[in-house]
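J.: So that we are looking at the same thing, I have put the structure below in structure tokens.
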2 protein chains.
Amino acid sequence: MRATVLVRPKDGILDPQGEAVGGSLRKLGFDVSQVRVGRVIDVEFTADGPDDARAQLERMCSDLLANPLIESVDVTLGED
Amino acid sequence: MRATVLVRPKDGILDPQGEAVGGSLRKLGFDVSQVRVGRVIDVEFTADGPDDARAQLERMCSDLLANPLIESVDVTLGED
């Protein structure tokens with residue numbers, strides 16, 4: 001099974017990396033109002049069907065991949 | 001205009017962060033065969049329609065957001 005997990009800083013949470021990228025884009029001449037930087041995690045793993053895959057991914061996120069206090073998570077099954 | 005840019009290490013390029021995450025997931029008991037870690041960058045910017053937006057995003061990627069030698073880029077317009 002293949003899944004893509006997007007981990008982003010929640011709204012209102014400080015994102016210094018996004019601010020730095022936004023500042024650099026502005027210096028390069030782009031009219032950028034906001035930039036937020038998170039992580040994309042592609043996982044290949046063994047699962048018994050999509051339900052088991054989703055349950056495993058939920059545990060992976062809570063155990064390791066994301067900090068639910070400050071990050072939001074989007075999971076897509078079966079994508080590159 | 002809002003866009004989401006996914007920047008991933010290309011196939012065959014070493015990804016130490018992905019290997020570390022994969023190793024940790026295995027230690028936690030998950031049957032993971034591969035993990036790759038990249039960046040998700042959400043950008044809000046001014047553009048004259050989707051064509052201009054795509055042209056600007058291409059320049060943002062080549063100028064700052066990605067290293068085309070070792071990273072691949074997926075751009076989605078108008079998504080959160």
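The values are calculated or read from the model by the stated rules, or taken from the named source; none is laboratory data. This one's a predicted model, so the numbers in the text were calculated from it and none came from an experiment. Please note: Cβ atoms are built from the backbone with ideal geometry, for glycine as well, and neighbour counts cover all protein chains shown. All accessible areas refer to the heavy atoms of the entire protein, side chains included, with ligands and DNA or RNA removed. Shrake-Rupley method; radii C 1.70, N 1.55, O 1.52, S 1.80 Å.
J.: Is there a quick way to get the dipole size of chain A? I mean about its Cα centre, with the Cβ of Lys and Arg at +1 and of Asp and Glu at -1; what is the value in debye to the nearest 20?
T.: Computed about the Cα centre, the dipole is about 460 debye.
J.: I would also like to ask the following. Over chain B, what is the relative contact order in percent, taking alpha-carbon pairs closer than 8 angstrom and at least six residues apart?
T.: Relative contact order for chain B comes out at 53 percent.
J.: Could you give me the ³J(HN,Hα) list for the range A:44-61, computed from phi with Karplus coefficients 6.51, -1.76, 1.60 and θ = phi - 60°, whole Hz, x at Gly and Pro?
T.: Result, rounded to whole Hz: 10, 8, 8, 8, 8, x, x, 5, 4, 4, 5, 5, 4, 5, 4, 5, 4, 5.
J.: Percent of alpha carbon pairs in the protein assembly as shown separated by more than 24 Å?
T.: Counting every Cα pair in the protein assembly as shown, those more than 24 Å apart make up 37 percent.
J.: Let me ask something additional. What net charge do the residues around A:Arg26 carry, taking every other residue with its C-beta under 13 Å from that of A:Arg26, with Lys and Arg at +1 and Asp and Glu at -1?
T.: -3
J.: Which value, in square angstrom to the nearest 100, describes the accessible area buried between chains B and A on both sides, using a 1.4 angstrom probe?
T.: Buried area (both sides, nearest 100 Å²): 2700 Å².
J.: Once both labels are modelled 7 Å past Cα along the beta-carbon direction, what's the B:Gln34-B:Ala55 spacing in nm?
T.: 3.7
J.: Among A:63-71, B:5-13, what's the highest-first ranking by average C-beta atoms within 10 angstrom per residue?
T.: B:5-13, A:63-71
J.: In a shell of Cβ-Cβ distance under 13 Å around B:Ala47, excluding B:Ala47 itself, what net charge do Lys and Arg (+1) and Asp and Glu (-1) give?
T.: So the environment of B:Ala47 carries a net charge of -3.
J.: Using the basic label-point model (7 angstrom from Cα toward the beta carbon), what is the B:Arg2 to A:Ser62 distance in nanometres?
T.: 2.8
J.: Based on alpha-carbon positions alone, could you give the equivalent ellipsoid semi-axes of chain A from the gyration tensor, as √(5λ), descending, whole Å?
T.: 31, 14, 8
J.: Shifting gears a bit: Identify, among A:Leu69, A:Thr4, A:Gly29, the residue whose Cα sits farthest towards the positive end of the charge dipole of chain A, taking +1 on the Cβ of Lys and Arg and -1 on the Cβ of Asp and Glu, with the dipole about the Cα centre.
T.: Highest projection toward the positive end goes to A:Gly29.
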